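Working notes, structure below.
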Amino acid sequence: MTSLNQKLIIQTGISIIQQQEKMSFSTISHKLGIHSQALYFYFKNQSELNQAIVVTIVQQIIDACKEQVFGKQGRKAITTFILTIRQQALDNPDLARFTLNLIRNDPKLLSQASFEHLRKLFNILIKSTYQEGKQRLLASRIFRDLLVGDIYNNINGWFNNPQLNSNESFSRMMEGTFEWLDNMKK
């Protein structure tokens, strides 16, 4: 039997979320065959466990982004970074929903080191492509809004339409944004 540790608890929590069950100390302890009081040694409360789960999810996204973006520059790097995050979220809609809801209810989570790291990576890509300050800020905001909005709308089923595939519409919006930003330079 595997000994109880934070990683096992977090992975069990993630598994419960992916199975669309209510994630709590009680469901985790039931899945692990332990008493829920044993979890308090590792996490002082449900909120701390939720934060640890989100940090783990974000770290997995960072790792995927680093792997996919390595060796790319400019538009290609930004596009790959954004599409990697988008695909991670769409492949794991319940985890994406959990993360977005938790951030909405606890905005200080965005100051966690994992989110800061993700933001820093994104800003490096933006800065390497757009040198002017206002253009960089606009690029950063537009692409974040586009990404978060697309993820939210997709995981809630609002972009299910046979006339236009959500991947195609997202690609078109990305390309249109790049063109608009490039025209700002002129």
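What follows draws every value from the coordinates through simple rules; no lab data is involved. Bear in mind that the values here come from a model prediction, so they are computed numbers and not experimental data.
Some points to look at:
- Against the chain, whose longest principal axis is taken from its Cα atoms, helix 46-69 shows a tilt of about 40°.
- With 23 Å as the limit on Cα-Cα distance, the pairs of Lys7/Lys72; Lys72/Lys120; Lys44/Lys108 that go past it are Lys7/Lys72.
- Extended-chain gain in nm, criterion 0.36 nm per residue less alpha-carbon gap, Asn160 and His35: 40.8 nm
- Size descriptors for the range 1-44, from the alpha-carbon set: Rg then Dmax equal 9.6, 26 Å.
- Rounded to the nearest 10 degrees, the inclination of helix 93-105 to the longest alpha-carbon principal axis of the chain is 90 degrees.
- Extent along principal axes [Cα atoms of the chain; Å; largest to smallest]: 64, 37, 30
- Rounded if a/c under 1.5, otherwise prolate or oblate - the range 65-122, Cα gyration tensor axes: oblate
- The angle between the Cα long axis of helix 74-91 and the main principal axis of the chain comes to about 30°, on a 0 to 90 degree scale.
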